[in-house]
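Below is one structure, written out as structure tokens; the observations come after it.
The values are calculated or read from the model by the stated rules, or taken from the named source; none is laboratory data. Keep in mind it's a predicted model, so treat the numbers as computed, not measured. Don't worry about glycine lacking a Cβ; one is built from the backbone with ideal geometry, like all the others, and counts go over all protein chains shown.
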């Protein structure tokens, strides 16, 4: 199985600061169609996960442009420009290249 | 508006089974794959499998191959997951989620808590 490893944040983070969440995969997620099958989700406290980014860098419908995704085949970053109270929760990366689809363990964002 | 409405919390004895439902509204379930995901706070998110409601094709993660059975009823626009031979390891919140671009999951149900206890 592809292992997804996420980094931690220096919580708590001051409101308005920009943060980057890292994710690394044990195998390249770049497919022959030129797309990278890496997705990002936010699970707010008490809620279901919400899709933020798919294909590594494409924002999902309705997602704030404060969120941006980037990376290579195995190393990925989700950047939040100017964190706000509504950004608090756990962020997950997920690979959709191979079965079984796998998630990272999650990165918690807390606000100061 | 797309919504996935899941059934209520379940309490089951070890060795029993449970069938969870996920009723879709705002779209036809035959147009998208339906995925199921397990969540335990100490284990994070685990992908269980998907079903194509149009033809009933399923795909499971190997560790859930003999644990979960995915079905769908197109007449009621509802997907189901049955979990069998329940143990304490199956105590978790289970989500259904619609498959979208890049094998992402764009809409999620509210989740259903399953507790296995004697």
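Does residue A:13 satisfy the condition of being in contact (Cβ under 8 Å) with a residue 40 or more places away in the chain, more than 14 Å from chain B (Cβ to nearest Cβ) and within 14 Å of the chain's Cα centre (by Cα)? Quick ask: steps written out before the conclusion?
Values: in contact (Cβ under 8 Å) with a residue 40 or more places away in the chain: yes; more than 14 Å from chain B (Cβ to nearest Cβ): yes; within 14 Å of the chain's Cα centre (by Cα): no.
So residue A:13 does not fit the description; no.
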Would you point out which residue out of A:62, A:106 is under 9 Å from the mean Cα position of the chain (by Cα), within 13 Å of chain B (Cβ to nearest Cβ) and closer than 17 Å to residue B:104 by Cα? A:106
Find the residue count for segment B:28-50, including only residues that are more than 12 Å from chain A (Cβ to nearest Cβ) and either free of Cβ contacts under 8 Å to residues at least 40 places away in the same chain or assigned to a strand (DSSP E or B) (or both). 2
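Does segment A:87-94 include one or more residues that are at the interface with another protein chain (Cβ under 8 Å from one of its Cβ atoms), within 26 Å of residue B:63 (Cβ to Cβ), modelled with pLDDT of 95 or more and touching a strand residue (DSSP E or B) at 6+ places or on another chain (Cβ under 9 Å)?
First pass over segment A:87-94, keeping only residues at the interface with another protein chain (Cβ under 8 Å from one of its Cβ atoms): A:92, A:94.
Add one more test, that the residue is within 26 Å of residue B:63 (Cβ to Cβ), and what stays is A:92, A:94.
Add one more test, that the residue is modelled with pLDDT of 95 or more, and what stays is A:92, A:94.
Right, trim to touching a strand residue (DSSP E or B) at 6+ places or on another chain (Cβ under 9 Å) and you get A:92, A:94.
For segment A:87-94, residues at the interface with another protein chain (Cβ under 8 Å from one of its Cβ atoms), within 26 Å of residue B:63 (Cβ to Cβ), modelled with pLDDT of 95 or more and touching a strand residue (DSSP E or B) at 6+ places or on another chain (Cβ under 9 Å): present.
Given the residues B:107, B:94, which is the only one that is in contact (Cβ under 8 Å) with a residue 40 or more places away in the chain, farther than 11 Å from residue B:6 by Cβ and assigned to a strand (DSSP E or B)?
Numbers: B:94 fails: farther than 11 Å from residue B:6 by Cβ.
Every option except B:107 fails the conditions.
Across segment B:8-27, which residue is surrounded by the most Cβ atoms within 10 Å (Cβ to Cβ) among those that are in a loop (DSSP other than H, G, I, E, B) and under 16 Å from the mean Cα position of the chain (by Cα)?
B:17
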Expected single match for in contact with a strand residue (DSSP E or B) (Cβ under 8 Å, 6 or more places away or on another chain), in contact (Cβ under 8 Å) with a residue 24 or more places away in the chain and under 15 Å from residue A:106 (Cα atoms) among A:51, A:30, A:38 is A:38
Being in contact with a strand residue (DSSP E or B) (Cβ under 8 Å, 6 or more places away or on another chain) and away from chain A (no Cβ under 14 Å) is the filter; apply it to segment B:93-118 and report the residue that is surrounded by the fewest Cβ atoms within 10 Å (Cβ to Cβ). B:117
